[in-house]
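**Student:** Before anything else, here's the structure in question.
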Amino acid sequence: MVVVMEERASEEQVQHVIAQLVEKGFDIHRSTGQLRSVLGAVGGNRSFDTRLIEVMDGVHEVLRITEPYKLASRTFKPERSAVSFDEFRVGGDEVIVMAGPCSVETEEQIAAAAAAVKKAGAKILRGGAFKPRSSPYSFQGLGEDGLRMMRAAADAEGLKVVSEVMDVSQIELVVGYADILQVGARNMQNYTLLRELGKARTPVLLKRGIAATIEEWLLSAEYVLAGGNTDVILCERGIRTFESYTRNTLDISAIPVIQKLSHLPIIADPSHGTGLRDKVAPMARAAIAAGADGLIIEVHPDPDHALSDGAQSIFPLQFDRLMAELRIIAPAIGRSICLEPVARRGWGA
């Protein structure tokens, strides 16, 4: 249920409504817009008579939400959300690009990757220190050493860090190094992990599960939001279909669908979405044209010798070319994307 307050409702009136809803067994999540306060009431009794709230002073209207996801819906928050960092926002007018290797391998490798993606215009360094691999014999990541290397490389270039957390026991460790906590496709429905991330105050990047519907994906986001963490970024990373030519099928249509159903920002992952280096740039361009708020792309200084996912990692020169193409596409749909690469500011060729 959503309670929309009147434009001139006083704080006292808002708090009185909240108190009445809490008394009836609801958990309340408040969203304050430019004109109105909106109260999301979760739980309670399904047979609750909404007229008891409608007649209270300061209440404009009460809406029952048919979607099972309440806090992630546009009904709860009609205007779009953005996750803010020091100098940029994911979900604002600027398209934000996250880039880096699949896995942190060495100090030299992650430093070279950070320098390359920064030069091309990325704002966030991606890289895995804990890697959920299909085979137990594959490279599993460097753990805290990898996080330490990535943090140092990002700080040297003025980048933020996004890295995956696989288990509740890793949250505190990863929070110490990363600016965004990534939940991978295999963990999208790890509800214990999602609940704990809801208690964190570090932004969460939630990837779509390999066979998840859009509703299931939004319900997973709901777990994080219900815990009090409102900084959630959705990531379309491809789903498993009957097609076997590409690693996954990148669902570009999910981007406008999510933007209609939810206020949360959404980015795309063309690297996992295709699994093929030469398909990354075309799908990245398509995602931005479809309205994605950003991209997360695997870039490796020597992908042919990468310890994981080298076939879907692009070379720095390919990434540089892609960023130049995106600077042409973004303005056509009313967006911008790092118009001044590092090289133009005299920070290196």
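The values are calculated or read from the model by the stated rules, or taken from the named source; none is laboratory data. Remember, it's a predicted structure, so these values are computed and weren't measured experimentally. Note: ideal-geometry Cβ built from the backbone for every residue, glycine included; neighbour counts use all protein chains shown.
**Student:** Determine whether ALA330 is touching a strand residue (DSSP E or B) at 6+ places or on another chain (Cβ under 9 Å), outside any helix (DSSP H, G or I), touching a residue at least 60 places away in the same chain (Cβ under 8 Å) and farther than 23 Å from PHE130 by Cβ. Reasoning before the result, please.
**Tutor:** Details: touching a strand residue (DSSP E or B) at 6+ places or on another chain (Cβ under 9 Å): yes; outside any helix (DSSP H, G or I): no; touching a residue at least 60 places away in the same chain (Cβ under 8 Å): yes; farther than 23 Å from PHE130 by Cβ: yes.
Taking the combined requirement at face value, the residue does not satisfy it.
**Student:** Quick test for you: out of LEU194, LEU173, LEU219, LEU206, pick the one residue that is in contact with a Phe, Trp or Tyr (Cβ under 8 Å, 6 or more places away or on another chain), hydrophobic (A, V, I, L, M, F, W, C) and either surrounded by fewer than 21 Cβ atoms within 10 Å (Cβ to Cβ) or without any contact (Cβ under 8 Å) to a residue 12 or more places away in the chain (or both). Talk me through it step by step, then tell me what you get.
**Tutor:** Working: LEU194 fails: either surrounded by fewer than 21 Cβ atoms within 10 Å (Cβ to Cβ) or without any contact (Cβ under 8 Å) to a residue 12 or more places away in the chain (or both); LEU173 fails: in contact with a Phe, Trp or Tyr (Cβ under 8 Å, 6 or more places away or on another chain); LEU206 fails: either surrounded by fewer than 21 Cβ atoms within 10 Å (Cβ to Cβ) or without any contact (Cβ under 8 Å) to a residue 12 or more places away in the chain (or both).
Answer to the selection: LEU219.
**Student:** Out of LEU52, LEU21, LEU39, LEU35, report the one residue that is of a type in the set (A, V, I, L, M, F, W, C) and modelled with pLDDT under 90.
**Tutor:** On the way: LEU52 fails: modelled with pLDDT under 90; LEU21 fails: modelled with pLDDT under 90; LEU39 fails: modelled with pLDDT under 90.
Being of a type in the set (A, V, I, L, M, F, W, C) and modelled with pLDDT under 90 holds for just one of LEU52, LEU21, LEU39, LEU35, which is LEU35.
**Student:** Just to check your reading of the model, which residue among LEU225, LEU317 is more than 20 Å from GLU94 (Cα to Cα), in a helix (DSSP H, G or I) and free of Cβ contacts under 8 Å to residues at least 12 places away in the same chain?
**Tutor:** On the way: LEU225 fails: free of Cβ contacts under 8 Å to residues at least 12 places away in the same chain.
Unique residue meeting the criteria: LEU317.
**Student:** Under 18 Å from GLN170 (Cα atoms) and out of contact with any His (no Cβ under 8 Å at 6 or more places or on another chain): is that true of VAL257 in this structure?
**Tutor:** Details: under 18 Å from GLN170 (Cα atoms): no; out of contact with any His (no Cβ under 8 Å at 6 or more places or on another chain): yes.
Answer is no for this residue.
**Student:** May I ask you to verify whether LYS24 is crowded, with 19+ Cβ neighbours inside 10 Å and among the basic types (Lys, Arg)? So that I can check it myself, show each step before the final result.
**Tutor:** Working: crowded, with 19+ Cβ neighbours inside 10 Å: no; among the basic types (Lys, Arg): yes.
Taking the combined requirement at face value, the residue does not satisfy it.
**Student:** Could you give me the residue pairs with C-beta distances under 7 Å whose first residue belongs to segment 54-69 and is under 26 Å from ALA221 (Cα atoms) and not assigned by TED's automatic domain parsing to the domain that holds HIS263, whose second residue is surrounded by 16 or more Cβ atoms within 10 Å (Cβ to Cβ) and of a type in the set (D, E, K, R) wherever it lies, and which are 6+ apart or on separate chains?
**Tutor:** TYR69/GLU222
**Student:** Given the conditions (1) free of Cβ contacts under 8 Å to residues at least 60 places away in the same chain; (2) assigned to a loop (DSSP other than H, G, I, E, B); (3) touching a Gly at 6+ places or on another chain (Cβ under 7 Å), and given that GLN13 satisfies all but one, which numbered condition is not satisfied?
**Tutor:** If we test GLN13 against (1) free of Cβ contacts under 8 Å to residues at least 60 places away in the same chain; (2) assigned to a loop (DSSP other than H, G, I, E, B); (3) touching a Gly at 6+ places or on another chain (Cβ under 7 Å), just (2) comes out false.
**Student:** For segment 228-267, how many residues meet the condition of being assigned to a loop (DSSP other than H, G, I, E, B), aliphatic (A, V, I, L, M) and free of Cβ contacts under 8 Å to residues at least 60 places away in the same chain? Even if it seems obvious, please write down each step before you answer.
**Tutor:** Of segment 228-267, the ones assigned to a loop (DSSP other than H, G, I, E, B) are 228-231, 237-238, 240-248, 250-253, 263-265.
Within this subset, residues satisfying the condition of being aliphatic (A, V, I, L, M) are 250, 252, 264.
The next check asks that each one be free of Cβ contacts under 8 Å to residues at least 60 places away in the same chain; those that pass are 250, 252.
Matching residues across segment 228-267 total 2.
**Student:** Then there's this: Please work out which one of (1) β-branched (Val, Ile, Thr); (2) assigned by TED's automatic domain parsing to the domain that holds ALA332; (3) over 20 Å from ALA268 (Cα atoms) is the condition THR75 fails and give its number.
**Tutor:** Tallying (1) β-branched (Val, Ile, Thr); (2) assigned by TED's automatic domain parsing to the domain that holds ALA332; (3) over 20 Å from ALA268 (Cα atoms), THR75 fails exactly one: (2).
**Student:** Among the residues of segment 273-297 satisfying the criterion of being over 16 Å from the mean Cα position of the chain (by Cα) and of a type in the set (D, E, K, R), which is nearest to ILE252 (Cα to Cα)?
**Tutor:** So, considering only residues that are over 16 Å from the mean Cα position of the chain (by Cα) and of a type in the set (D, E, K, R), the one nearest to ILE252 (Cα to Cα) is ARG285.
**Student:** When you scan segment 99-124, how many residues do you find that are over 19 Å from GLN182 (Cα atoms) and either at pLDDT below 95 or not aliphatic (A, V, I, L, M) (or both)?
**Tutor:** Within segment 99-124, residues that are over 19 Å from GLN182 (Cα atoms) and either at pLDDT below 95 or not aliphatic (A, V, I, L, M) (or both) number 7.
**Student:** Can you say whether ALA156 is surrounded by 23 or more Cβ atoms within 10 Å (Cβ to Cβ) and either of a type outside the set (Val, Ile, Thr) or in contact with a Ser or Thr (Cβ under 9 Å, 6 or more places away or on another chain) (or both), as far as the supplied structure shows?
**Tutor:** Working: surrounded by 23 or more Cβ atoms within 10 Å (Cβ to Cβ): no; either of a type outside the set (Val, Ile, Thr) or in contact with a Ser or Thr (Cβ under 9 Å, 6 or more places away or on another chain) (or both): yes.
It is false that ALA156 is surrounded by 23 or more Cβ atoms within 10 Å (Cβ to Cβ) and either of a type outside the set (Val, Ile, Thr) or in contact with a Ser or Thr (Cβ under 9 Å, 6 or more places away or on another chain) (or both).
**Student:** What's the number of the condition ALA41 fails, among (1) exposed (fewer than 14 other Cβ atoms within 10 Å of the Cβ); (2) closer than 26 Å to VAL204 by Cβ; (3) in contact (Cβ under 8 Å) with a residue 24 or more places away in the chain; (4) more than 24 Å from the chain's Cα centre (by Cα)?
**Tutor:** (1)
**Student:** May I pose another question? For segment 268-285, how many residues are in a helix (DSSP H, G or I) and surrounded by fewer than 17 Cβ atoms within 10 Å (Cβ to Cβ)?
**Tutor:** Going through segment 268-285, the residues in a helix (DSSP H, G or I) turn out to be 270-274, 277-285.
If we keep only those that are surrounded by fewer than 17 Cβ atoms within 10 Å (Cβ to Cβ) too, we end up with 278, 282.
Matching residues across segment 268-285 total 2.
**Student:** Can I ask one more? Of all the residues that make up segment 187-220, how many are of a type in the set (S, T, N, Q) and over 16 Å from the mean Cα position of the chain (by Cα)? Spell out how you get there, then give the answer.
**Tutor:** Filtering segment 187-220 down to residues of a type in the set (S, T, N, Q) leaves 187, 189-190, 192, 202, 213, 220.
If we keep only those that are over 16 Å from the mean Cα position of the chain (by Cα) too, we end up with 190, 192, 213.
So the answer is 3.
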